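Quick notes on the structure that follows.
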Amino acid sequence: MTYAADQLDMSKSGVESRRWNFFNWYYFSLGLARLAAVTIVVYIQDNVSWGWGLGIPTIAMAVAFMVFLSGSPLYKKVKPGGSPLVRVIQVIVAAIRKRKAVAPEDPSLLYQNQELDAAISVHGRLLHTTQFKWLDKAAVEKHGEATASSTPNLWKLATVHRVEELKSFLRLLPVWAAGILLVTANSHSGSFNTQQARTMDRRLSNSFQIPPASMSFFGIMTVIIGLVLYERLFVPFVRRFTRNSAGITYLQRMGIGLLFNILFSVVAALVEKKRRTVAENHNLVDNPKATVPISVFWLVPQLSLHGMSEVFMAVGQLEFLYDQSPESMRSIALGLFWIASSVGDYLGTLMVSLIHEYTGHKNNWLPDRNLNIGKLDYYYWLVTGIQAINFVYFVICAWCYTYKPLEEVMEEDSV
């Protein structure tokens, strides 16, 4: 994703001049791929063979690889500017070495070297900020540490830009962490939705039933349609009031996504309560293989709300991580998106394991073989509570967050 974004002008003026958002369309293309996976591929796996079900994605990947290679001569290749992790460690070491030094009140007296930072500040230099002031000591220049004819020892002296790289990265971590509990709350919803669908009436006709795994179609379609409506209707409408070229800020978009996800878990709890009540009324509680006489389309509202959460939260988080990370650390920052997904999945598995352990064998909320005797709705209410706490945490982080001051420098340099 970072490499794809590098092919475009992602400066403030470049983004504002376009009538489309790269991250929206990137996620839109992912939605199309997921749609094909849960419809065409799932149908082939269920009705033809697993050989073809696995073979078709393999062929698709081979074609994608050839298409990617064919465009190689056209790609814009950014020259590497050294390891950002090494620079981070250098700043920390330099700050520790100068822990007794006194940073000047005037930030212009801190060490700056545009030539040294040229490879890592192609789109502009980071301006000095007042947060994490103890790191400024790394840029305090002592006598003889820097000369015009030689590069300073970067383990003893760092430029303001390099210090601000670390500050920018530290600032975005609390906001990023809010995505972990979001994934935790959603980590098993797909599996539970499939289990619910398997017990419900899935007939579209006398000869065709919707495969349980294909119910995610509705969530994915919501993402695809929602992204188009977001860009073509929502942004132009909101822009009239906010005067923001993107309609709303990254943090506002993420916050709306978190609210949609809370609504998703509330509706999921209510629908599961309804499904189980119907099973009880028809004496099907002890018959896990029986079809509960309730339409599988009762699951559509919660799947659609989950899709709207992705439109706002997932894409908003990608935008936030890309834009607010230092330009030389964008691959690492976007890697955090997938790290949050991984950590959230592990925490979700831990939560389900604890539910199994503490709700007991007879009153297990999430029984393995018979969903009708469980309390899946209790699980969704627990998830709702976790997300409500996470939303409060996010609002506090968003309120305290300071956007990196880079754009002003870029505009000056381009004049």
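The values are calculated or read from the model by the stated rules, or taken from the named source; none is laboratory data. Here the structure is a predicted model, which is why all the values come from computation and not from measurement. Quick reminder, even Gly has a Cβ in these numbers, built from the backbone with ideal geometry, and neighbours come from all protein chains shown. Surface accessibility is based on the protein's heavy atoms, side chains included, excluding ligands, DNA and RNA. Shrake-Rupley method; radii C 1.70, N 1.55, O 1.52, S 1.80 Å.
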Residue ranges of helices (runs of 4 or more DSSP H) in region 14-105 with at least 2 members farther than 30 Å from residue 229 by Cα: 42-47, 50-70, 84-97
Failed criterion for residue 84 (all others in (1) surrounded by 11 or more Cβ atoms within 10 Å (Cβ to Cβ); (2) free of Cβ contacts under 8 Å to residues at least 60 places away in the same chain; (3) under 30 Å from residue 136 (Cβ atoms) hold): (2)
message: Can you say whether residue 172 is closer than 30 Å to residue 257 by Cα, open to solvent by less than 20 Å² (accessible area, probe 1.4 Å) and either touching a residue at least 24 places away in the same chain (Cβ under 8 Å) or in contact with a Phe, Trp or Tyr (Cβ under 6 Å, 6 or more places away or on another chain) (or both), as far as the supplied structure shows?
response: yes
- line: With criteria (1) without any contact (Cβ under 8 Å) to a residue 24 or more places away in the chain; (2) closer than 30 Å to residue 367 by Cβ; (3) open to solvent by 40 Å² or more (accessible area, probe 1.4 Å), residue 287 comes up short on (1)
field: Residue within region 389-410 that is on the phi < 0 side of the Ramachandran plot, touching a Phe, Trp or Tyr at 6+ places or on another chain (Cβ under 6 Å) and either open to solvent by less than 30 Å² (accessible area, probe 1.4 Å) or without any contact (Cβ under 8 Å) to a residue 60 or more places away in the chain (or both) present
entry: no
- request: Kindly list, by first and then second residue, each pair from a residue in region 109-121 that is open to solvent by less than 20 Å² (accessible area, probe 1.4 Å) to a residue that is among the basic types (Lys, Arg), limited to pairs with Cβ atoms under 9 Å and residues at least 6 apart or on different chains.
  value: 117/125; 117/162; 120/87; 120/162
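Any idea which of 59, 44 is surrounded by 14 or more Cβ atoms within 10 Å (Cβ to Cβ) and modelled with pLDDT of 85 or more? Break it down stepwise before answering.
Working: 59 fails: surrounded by 14 or more Cβ atoms within 10 Å (Cβ to Cβ).
Going through 59, 44 in turn, the sole match is 44.
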field: Given (1) touching a residue at least 12 places away in the same chain (Cβ under 8 Å); (2) under 23 Å from residue 260 (Cα atoms); (3) open to solvent by 30 Å² or more (accessible area, probe 1.4 Å); (4) among the small types (Gly, Ala, Ser), index of the condition residue 328 fails
entry: (2)
- prompt: Pick from 312, 264: which is open to solvent by less than 40 Å² (accessible area, probe 1.4 Å) and either of a type in the set (S, T, N, Q) or in contact with a Leu (Cβ under 7 Å, 6 or more places away or on another chain) (or both)?
  reply: 264
Of the criteria (1) at pLDDT 90 or above; (2) touching a helix residue (DSSP H, G or I) at 6+ places or on another chain (Cβ under 8 Å); (3) assigned to a helix (DSSP H, G or I), which one residue 333 fails: (1)
query: Quick one: is residue 49 over 26 Å from the mean Cα position of the chain (by Cα), more than 22 Å from residue 153 (Cβ to Cβ) and open to solvent by less than 70 Å² (accessible area, probe 1.4 Å)?
result: yes
- line: Taking region 215-245 and keeping only residues that are more than 18 Å from residue 310 (Cβ to Cβ) and either in contact (Cβ under 8 Å) with a residue 40 or more places away in the chain or surrounded by 20 or more Cβ atoms within 10 Å (Cβ to Cβ) (or both), one is left with 245
task: Could you please let me know if residue 321 is surrounded by 22 or more Cβ atoms within 10 Å (Cβ to Cβ) and either basic (Lys, Arg) or in contact with a strand residue (DSSP E or B) (Cβ under 8 Å, 6 or more places away or on another chain) (or both)?
output: no
message: Among the residues of region 342-365, what is the count of those that are among the hydrophobic types (A, V, I, L, M, F, W, C), under 23 Å from residue 270 (Cα atoms) and touching a residue at least 60 places away in the same chain (Cβ under 8 Å)?
response: 2
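Each row is one residue, and each column tells you yes or no for (1) closer than 26 Å to residue 292 by Cβ; (2) among the polar types (S, T, N, Q).
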| residue | (1), (2) |
| --- | --- |
| 202 | yes, no |
| 211 | yes, no |
| 214 | yes, yes |
| 221 | yes, no |
| 225 | no, no |
| 245 | no, yes |
| 257 | no, no |
| 262 | no, no |
